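Read through the structure below, which is laid out as structure tokens, and then see the notes.
The values are calculated or read from the model by the stated rules, or taken from the named source; none is laboratory data. All values derive from a computational prediction rather than experimental measurement. FYI the Cβ positions are ideal-geometry reconstructions off the backbone, even for glycines, and counts take in every protein chain you see. What goes into the accessible areas is simple: the full protein's heavy atoms, side chains included, and nothing from ligands, DNA or RNA. Shrake-Rupley method; radii C 1.70, N 1.55, O 1.52, S 1.80 Å.
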Amino acid sequence: MQKSRAHGNGALANASVDTSSGDSAQVTLWQSPSLMNVSGVALSAAWTQFVRDHGPEESRLVVLHDELET
């Protein structure tokens, strides 16, 4: 993973994944530089840059987090 100022100072990694149809898709993994509950500013900056880079038609967002609330 490589840190990217343009993407909200998050860490980026590019990967190719196989889809259920047997095709291959390019994905970019982004790791927030902060905890989930304060990551909104960085996530917004990263998403804006992804859309600039790839266009709104090609951009999709899935948010995952592993912090458990007690």
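If I take all pairs of Cα atoms in the chain, what percentage of them are more than 15 Å from each other? Provide the component values of the computation, followed by the final result.
Working: 1409 of 2415 pairs.
Pairs farther apart than 15 Å: 58 percent.
Counting only protein heavy atoms and using a 1.4 Å probe, what share of the accessible area of the chain belongs to carbon plus sulfur, as a whole percent? Don't skip to the answer; put the middle values down first.
Values: 2940 of 5690 Å².
Whole-percent figure for carbon plus sulfur exposure: 52.
Specify which residue in the list N9, S59, Q26 is farthest towards the positive end of the charge dipole of the chain, using unit charges on the beta carbon of Lys, Arg (+1) and Asp, Glu (-1), about the Cα centre.
N9
So what is the accessible area of the chain per residue, in Å², with the probe set to 1.4 Å? Don't jump to the answer; show the numbers that get you there.
On the way: 5690 Å² over 70 residues.
Accessible area per residue, the chain: 81 Å².
Label points 7 Å out from Cα along the Cβ direction at A6 and E58: separation in nm?
Between A6 and E58, the simple spin-label model gives 1.3 nm.
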